[in-house]
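Below is one structure, written out as C-alpha coordinates, with a few remarks after it.
The values are calculated or read from the model by the stated rules, or taken from the named source; none is laboratory data. Keep in mind that this is a model prediction, so the values were computed, not measured. When we count neighbours, we look across all protein chains shown, and the Cβ atoms used for this are built from the backbone with ideal geometry, even at glycine. In case anyone asks, the SASA skips ligands and DNA or RNA and just uses the protein heavy atoms, side chains included. Shrake-Rupley method; radii C 1.70, N 1.55, O 1.52, S 1.80 Å.
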Amino acid sequence: MEQCEQHVELDNLNLFIETINQGSITKAAEKLGKPKSTVSRQLTALETSLGVKLMERTTRKLHLTEAGEALYARSAPFIEELNDIGQEINAFALEPKGQLSILWPQELFTQTMSELISEFLNEYPKVSFCGTQYNGVAPKLNPQIDLHFVLHQHPLPDSDWIAQSLMSIPQGLYIAAHCANKAPKHLTEVSDFPCILQGGEHQWLFRRERSLDAIEVSGRLTLNSPDMRLQAAIRGLGLVRLPVYLAEPYIRRGALAAVALEGKPVAEELSVIYKSRHLPLKTRLFLEHFQGHLGRLYSQI
(Lines give C-alpha, C1' and ligand atoms only; values in the text may rest on other atoms or scores of the structure.)
Protein backbone atom coordinates (compact mmCIF):
# COMPACT_ATOMS: atom_id res chain seq x y z
CA MET A 1 0.00 0.00 0.00
CA GLU A 2 2.83 2.42 0.85
CA GLN A 3 4.46 1.87 -2.55
CA CYS A 4 1.16 2.71 -4.27
CA GLU A 5 0.75 5.94 -2.28
CA GLN A 6 4.33 7.01 -3.01
CA HIS A 7 3.74 6.42 -6.72
CA VAL A 8 0.60 8.58 -6.66
CA GLU A 9 2.41 11.41 -4.83
CA LEU A 10 5.27 11.30 -7.33
CA ASP A 11 2.78 11.46 -10.18
CA ASN A 12 1.09 14.42 -8.49
CA LEU A 13 4.44 16.13 -8.04
CA ASN A 14 5.25 15.66 -11.71
CA LEU A 15 1.84 17.11 -12.57
CA PHE A 16 2.49 20.11 -10.28
CA ILE A 17 5.80 20.85 -12.04
CA GLU A 18 4.18 20.53 -15.46
CA THR A 19 1.35 22.84 -14.44
CA ILE A 20 3.80 25.55 -13.39
CA ASN A 21 5.84 25.07 -16.57
CA GLN A 22 2.73 25.40 -18.75
CA GLY A 23 1.34 28.34 -16.75
CA SER A 24 -2.16 26.96 -16.28
CA ILE A 25 -4.13 23.87 -15.37
CA THR A 26 -5.82 23.90 -18.78
CA LYS A 27 -2.52 23.84 -20.72
CA ALA A 28 -1.06 21.22 -18.39
CA ALA A 29 -4.12 19.02 -18.91
CA GLU A 30 -3.74 19.35 -22.71
CA LYS A 31 -0.02 18.56 -22.57
CA LEU A 32 -0.53 15.49 -20.38
CA GLY A 33 -3.68 14.33 -22.15
CA LYS A 34 -5.77 14.38 -18.98
CA PRO A 35 -9.13 15.97 -18.18
CA LYS A 36 -8.81 19.36 -16.50
CA SER A 37 -10.88 18.09 -13.56
CA THR A 38 -8.41 15.25 -12.98
CA VAL A 39 -5.44 17.62 -12.96
CA SER A 40 -7.21 19.93 -10.52
CA ARG A 41 -8.11 17.01 -8.27
CA GLN A 42 -4.54 15.67 -8.23
CA LEU A 43 -3.13 19.10 -7.38
CA THR A 44 -5.55 19.32 -4.47
CA ALA A 45 -4.47 15.84 -3.35
CA LEU A 46 -0.81 16.96 -3.41
CA GLU A 47 -1.59 20.01 -1.26
CA THR A 48 -3.59 17.84 1.15
CA SER A 49 -0.78 15.30 1.49
CA LEU A 50 1.78 18.06 2.16
CA GLY A 51 -0.56 20.03 4.42
CA VAL A 52 0.19 23.38 2.75
CA LYS A 53 -1.27 25.59 0.04
CA LEU A 54 1.00 25.51 -3.02
CA MET A 55 -0.74 27.91 -5.38
CA GLU A 56 -3.48 30.48 -5.60
CA ARG A 57 -5.69 29.81 -8.59
CA THR A 58 -7.53 32.49 -10.50
CA THR A 59 -9.47 32.21 -13.71
CA ARG A 60 -6.51 33.45 -15.76
CA LYS A 61 -3.31 32.77 -13.86
CA LEU A 62 -1.62 30.67 -11.19
CA HIS A 63 0.31 32.29 -8.37
CA LEU A 64 2.72 30.18 -6.32
CA THR A 65 2.72 30.52 -2.57
CA GLU A 66 6.02 30.64 -0.72
CA ALA A 67 5.70 26.91 -0.06
CA GLY A 68 4.91 26.32 -3.74
CA GLU A 69 7.96 28.27 -4.86
CA ALA A 70 10.17 26.24 -2.50
CA LEU A 71 8.70 22.95 -3.71
CA TYR A 72 9.11 23.91 -7.36
CA ALA A 73 12.72 25.06 -6.88
CA ARG A 74 13.71 21.85 -5.09
CA SER A 75 11.73 19.32 -7.10
CA ALA A 76 11.83 20.60 -10.70
CA PRO A 77 15.45 19.48 -11.37
CA PHE A 78 14.72 16.12 -9.74
CA ILE A 79 11.59 15.51 -11.83
CA GLU A 80 13.41 16.55 -15.01
CA GLU A 81 16.24 14.14 -14.31
CA LEU A 82 13.77 11.38 -13.44
CA ASN A 83 11.95 11.90 -16.73
CA ASP A 84 15.26 11.78 -18.60
CA ILE A 85 16.11 8.51 -16.89
CA GLY A 86 12.71 7.12 -17.82
CA GLN A 87 13.22 8.03 -21.47
CA GLU A 88 16.69 6.47 -21.44
CA ILE A 89 15.38 3.23 -19.92
CA ASN A 90 12.44 3.13 -22.35
CA ALA A 91 14.96 3.32 -25.20
CA PHE A 92 16.18 -0.15 -24.22
CA ALA A 93 12.69 -1.49 -24.92
CA LEU A 94 12.54 0.20 -28.32
CA GLU A 95 16.06 -0.42 -29.63
CA PRO A 96 18.47 -3.21 -28.69
CA LYS A 97 21.50 -1.74 -26.96
CA GLY A 98 23.96 -2.49 -24.17
CA GLN A 99 26.19 -5.49 -23.49
CA LEU A 100 25.02 -9.02 -24.20
CA SER A 101 26.83 -11.80 -22.28
CA ILE A 102 26.65 -15.36 -23.60
CA LEU A 103 28.16 -18.64 -22.35
CA TRP A 104 28.38 -21.67 -24.65
CA PRO A 105 30.36 -24.95 -24.94
CA GLN A 106 33.54 -24.96 -26.96
CA GLU A 107 32.37 -27.91 -29.04
CA LEU A 108 29.22 -26.13 -30.20
CA PHE A 109 29.84 -25.53 -33.90
CA THR A 110 32.49 -22.87 -33.36
CA GLN A 111 32.51 -21.53 -36.92
CA THR A 112 28.72 -21.30 -37.19
CA MET A 113 28.43 -19.65 -33.76
CA SER A 114 31.00 -17.08 -34.86
CA GLU A 115 28.95 -16.38 -38.00
CA LEU A 116 25.70 -16.02 -36.03
CA ILE A 117 27.27 -13.60 -33.56
CA SER A 118 28.84 -11.50 -36.33
CA GLU A 119 25.56 -11.30 -38.23
CA PHE A 120 23.70 -10.22 -35.07
CA LEU A 121 26.20 -7.46 -34.25
CA ASN A 122 26.12 -6.17 -37.83
CA GLU A 123 22.33 -5.90 -37.62
CA TYR A 124 22.30 -4.22 -34.19
CA PRO A 125 25.27 -1.81 -33.98
CA LYS A 126 24.40 -0.54 -30.48
CA VAL A 127 24.83 -3.98 -28.91
CA SER A 128 28.23 -5.04 -27.58
CA PHE A 129 29.01 -8.73 -27.06
CA CYS A 130 30.92 -10.68 -24.43
CA GLY A 131 31.21 -14.39 -25.23
CA THR A 132 32.69 -17.08 -22.98
CA GLN A 133 33.26 -20.70 -23.97
CA TYR A 134 33.57 -23.55 -21.51
CA ASN A 135 35.01 -27.04 -21.79
CA GLY A 136 33.56 -30.18 -20.24
CA VAL A 137 30.90 -29.78 -17.57
CA ALA A 138 29.02 -26.49 -17.70
CA PRO A 139 29.96 -24.03 -14.94
CA LYS A 140 27.45 -22.79 -12.37
CA LEU A 141 24.77 -20.42 -13.59
CA ASN A 142 25.89 -16.81 -13.37
CA PRO A 143 23.32 -13.99 -13.04
CA GLN A 144 25.73 -11.70 -14.89
CA ILE A 145 25.40 -13.86 -18.03
CA ASP A 146 22.29 -13.30 -20.15
CA LEU A 147 22.12 -16.68 -21.90
CA HIS A 148 23.75 -20.00 -20.92
CA PHE A 149 23.91 -22.56 -23.75
CA VAL A 150 24.61 -26.00 -22.26
CA LEU A 151 25.06 -29.50 -23.64
CA HIS A 152 23.84 -32.28 -21.35
CA GLN A 153 22.94 -35.98 -21.30
CA HIS A 154 21.09 -35.95 -17.98
CA PRO A 155 17.95 -33.88 -17.32
CA LEU A 156 18.80 -30.43 -16.02
CA PRO A 157 18.45 -30.02 -12.24
CA ASP A 158 15.43 -28.21 -10.86
CA SER A 159 15.93 -24.47 -10.35
CA ASP A 160 14.07 -21.18 -10.59
CA TRP A 161 15.86 -20.40 -13.87
CA ILE A 162 14.12 -20.85 -17.23
CA ALA A 163 15.42 -23.73 -19.41
CA GLN A 164 14.46 -24.21 -23.04
CA SER A 165 15.47 -27.23 -25.14
CA LEU A 166 16.80 -26.24 -28.57
CA MET A 167 18.06 -29.36 -30.34
CA SER A 168 19.36 -32.91 -29.95
CA ILE A 169 22.84 -33.90 -31.10
CA PRO A 170 23.21 -37.66 -31.79
CA GLN A 171 26.23 -39.33 -30.20
CA GLY A 172 28.20 -42.46 -31.10
CA LEU A 173 30.98 -44.67 -29.74
CA TYR A 174 34.18 -44.86 -31.74
CA ILE A 175 37.56 -46.50 -31.72
CA ALA A 176 40.59 -46.36 -34.00
CA ALA A 177 40.01 -48.44 -37.15
CA HIS A 178 43.17 -50.44 -36.51
CA CYS A 179 41.86 -51.32 -33.01
CA ALA A 180 38.34 -52.26 -34.08
CA ASN A 181 38.89 -55.97 -33.38
CA LYS A 182 39.60 -55.11 -29.72
CA ALA A 183 36.47 -53.01 -29.18
CA PRO A 184 33.94 -54.11 -26.53
CA LYS A 185 31.08 -56.24 -27.83
CA HIS A 186 28.62 -55.66 -24.98
CA LEU A 187 27.65 -52.77 -22.71
CA THR A 188 28.93 -54.67 -19.68
CA GLU A 189 32.46 -54.56 -21.13
CA VAL A 190 32.60 -50.76 -21.48
CA SER A 191 33.32 -50.15 -17.78
CA ASP A 192 36.53 -52.21 -18.03
CA PHE A 193 37.65 -50.70 -21.32
CA PRO A 194 40.03 -47.69 -21.46
CA CYS A 195 37.94 -44.66 -22.43
CA ILE A 196 38.85 -41.14 -23.53
CA LEU A 197 36.82 -38.78 -21.37
CA GLN A 198 35.97 -35.13 -21.01
CA GLY A 199 36.36 -33.32 -17.71
CA GLY A 200 33.86 -34.38 -15.05
CA GLU A 201 32.65 -37.37 -17.07
CA HIS A 202 32.10 -40.60 -15.12
CA GLN A 203 29.12 -42.16 -16.87
CA TRP A 204 27.86 -42.73 -20.37
CA LEU A 205 24.12 -43.13 -20.87
CA PHE A 206 22.75 -45.74 -23.26
CA ARG A 207 19.15 -46.09 -24.36
CA ARG A 208 17.65 -49.48 -25.06
CA GLU A 209 14.08 -50.16 -26.13
CA ARG A 210 12.60 -49.87 -22.63
CA SER A 211 15.45 -48.82 -20.41
CA LEU A 212 18.12 -46.24 -19.87
CA ASP A 213 21.46 -47.63 -18.69
CA ALA A 214 24.15 -45.55 -16.99
CA ILE A 215 27.52 -47.20 -17.56
CA GLU A 216 30.48 -46.21 -15.40
CA VAL A 217 33.51 -45.26 -17.51
CA SER A 218 37.15 -44.60 -16.73
CA GLY A 219 40.40 -44.02 -18.51
CA ARG A 220 43.82 -42.43 -18.17
CA LEU A 221 43.15 -39.69 -20.71
CA THR A 222 40.81 -36.75 -20.05
CA LEU A 223 40.53 -34.00 -22.65
CA ASN A 224 37.91 -31.26 -22.77
CA SER A 225 38.36 -30.55 -26.45
CA PRO A 226 36.26 -32.90 -28.63
CA ASP A 227 38.75 -32.50 -31.49
CA MET A 228 41.58 -33.63 -29.22
CA ARG A 229 39.52 -36.61 -28.00
CA LEU A 230 38.87 -37.54 -31.61
CA GLN A 231 42.57 -37.38 -32.49
CA ALA A 232 43.47 -39.43 -29.42
CA ALA A 233 40.97 -42.09 -30.46
CA ILE A 234 42.41 -42.22 -33.99
CA ARG A 235 45.80 -42.92 -32.41
CA GLY A 236 44.44 -45.93 -30.55
CA LEU A 237 44.28 -44.50 -27.03
CA GLY A 238 40.81 -45.82 -26.23
CA LEU A 239 37.08 -45.76 -26.77
CA VAL A 240 35.51 -42.33 -27.21
CA ARG A 241 31.99 -40.88 -27.21
CA LEU A 242 31.61 -38.13 -29.81
CA PRO A 243 28.91 -36.31 -31.78
CA VAL A 244 28.11 -38.33 -34.90
CA TYR A 245 28.66 -35.31 -37.18
CA LEU A 246 32.21 -34.92 -35.85
CA ALA A 247 33.19 -38.57 -36.27
CA GLU A 248 31.55 -39.37 -39.62
CA PRO A 249 34.24 -37.79 -41.88
CA TYR A 250 36.93 -39.89 -40.17
CA ILE A 251 34.89 -43.06 -40.53
CA ARG A 252 34.66 -42.40 -44.27
CA ARG A 253 38.43 -41.94 -44.38
CA GLY A 254 38.95 -45.24 -42.60
CA ALA A 255 40.58 -43.68 -39.52
CA LEU A 256 37.74 -44.44 -37.08
CA ALA A 257 35.32 -47.32 -36.62
CA ALA A 258 31.88 -47.07 -35.04
CA VAL A 259 31.23 -49.38 -32.10
CA ALA A 260 27.70 -50.83 -32.03
CA LEU A 261 26.42 -52.24 -28.73
CA GLU A 262 23.02 -53.33 -27.36
CA GLY A 263 22.09 -49.75 -26.59
CA LYS A 264 22.70 -46.47 -28.38
CA PRO A 265 24.45 -43.57 -26.65
CA VAL A 266 21.93 -41.01 -25.49
CA ALA A 267 21.90 -37.88 -27.64
CA GLU A 268 23.18 -34.69 -26.06
CA GLU A 269 20.60 -31.98 -25.61
CA LEU A 270 21.41 -28.37 -26.31
CA SER A 271 19.43 -26.15 -23.95
CA VAL A 272 19.48 -22.44 -23.25
CA ILE A 273 19.05 -21.23 -19.68
CA TYR A 274 18.20 -17.72 -18.53
CA LYS A 275 17.10 -16.05 -15.32
CA SER A 276 13.71 -14.56 -16.16
CA ARG A 277 10.92 -14.95 -18.70
CA HIS A 278 11.01 -11.18 -19.20
CA LEU A 279 14.11 -10.90 -21.36
CA PRO A 280 15.66 -7.55 -22.31
CA LEU A 281 15.14 -6.73 -25.98
CA LYS A 282 18.77 -7.41 -26.96
CA THR A 283 18.67 -10.84 -25.29
CA ARG A 284 15.32 -11.83 -26.78
CA LEU A 285 16.43 -10.79 -30.27
CA PHE A 286 19.67 -12.79 -30.05
CA LEU A 287 17.79 -15.88 -28.88
CA GLU A 288 15.31 -15.48 -31.75
CA HIS A 289 18.24 -15.00 -34.14
CA PHE A 290 19.86 -18.21 -32.86
CA GLN A 291 16.63 -20.21 -33.04
CA GLY A 292 15.90 -18.86 -36.50
CA HIS A 293 19.17 -20.34 -37.77
CA LEU A 294 19.08 -23.74 -36.05
CA GLY A 295 18.82 -25.23 -39.51
CA ARG A 296 22.43 -24.24 -40.14
CA LEU A 297 23.43 -26.24 -37.07
CA TYR A 298 21.23 -29.21 -37.99
CA SER A 299 22.80 -29.26 -41.44
CA GLN A 300 26.10 -30.14 -39.79
CA ILE A 301 24.71 -33.01 -37.72
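Listed by position, the strands (runs of 3 or more DSSP E) inside the range 103-210 whose residues that are open to solvent by less than 40 Å² (accessible area, probe 1.4 Å) and touching a residue at least 60 places away in the same chain (Cβ under 8 Å) number at least 2 are 147-152, 162-169, 171-176, 203-207. Highlighted here are the strands (runs of 3 or more DSSP E) found entirely within the range 235-283 that include at least 1 residues which are open to solvent by less than 60 Å² (accessible area, probe 1.4 Å) and under 30 Å from TRP161 (Cβ atoms): 239-243, 268-274.
PRO96 falls short on exactly one of the conditions (1) open to solvent by less than 20 Å² (accessible area, probe 1.4 Å); (2) modelled with pLDDT of 85 or more; (3) not hydroxyl-bearing (Ser, Thr, Tyr), and that condition is (2).
Given the structure, is LEU50 in contact with a strand residue (DSSP E or B) (Cβ under 6 Å, 6 or more places away or on another chain) and at pLDDT 80 or above? No. Report the residue count in the range 211-231 for those that are open to solvent by 40 Å² or more (accessible area, probe 1.4 Å), touching a residue at least 12 places away in the same chain (Cβ under 8 Å), more than 16 Å from LEU242 (Cβ to Cβ) and in contact with a Leu (Cβ under 9 Å, 6 or more places away or on another chain). Final tally of qualifying residues: 3.
Filtered by the rule that a residue be among the β-branched types (Val, Ile, Thr) and in contact with a Leu (Cβ under 9 Å, 6 or more places away or on another chain), the range 176-196 gives VAL190, ILE196. Checking each residue of the range 287-296 against the condition of being open to solvent by 10 Å² or more (accessible area, probe 1.4 Å) and either hydroxyl-bearing (Ser, Thr, Tyr) or in a loop (DSSP other than H, G, I, E, B) (or both) gives at least one match. As a summary of the residue check, ARG60 satisfies the conditions (1) closer than 16 Å to LEU10 by Cβ; (2) at pLDDT below 85 except for the one numbered (1).
A quick yes/no check of all residues on (1) within 44 Å of the chain's Cα centre (by Cα); (2) β-branched (Val, Ile, Thr); (3) open to solvent by 50 Å² or more (accessible area, probe 1.4 Å):
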{"position": "SER40", "(1), (2), (3)": "no, no, no"}
{"position": "THR44", "(1), (2), (3)": "no, yes, yes"}
{"position": "VAL52", "(1), (2), (3)": "no, yes, yes"}
{"position": "THR65", "(1), (2), (3)": "no, yes, no"}
{"position": "PHE78", "(1), (2), (3)": "yes, no, yes"}
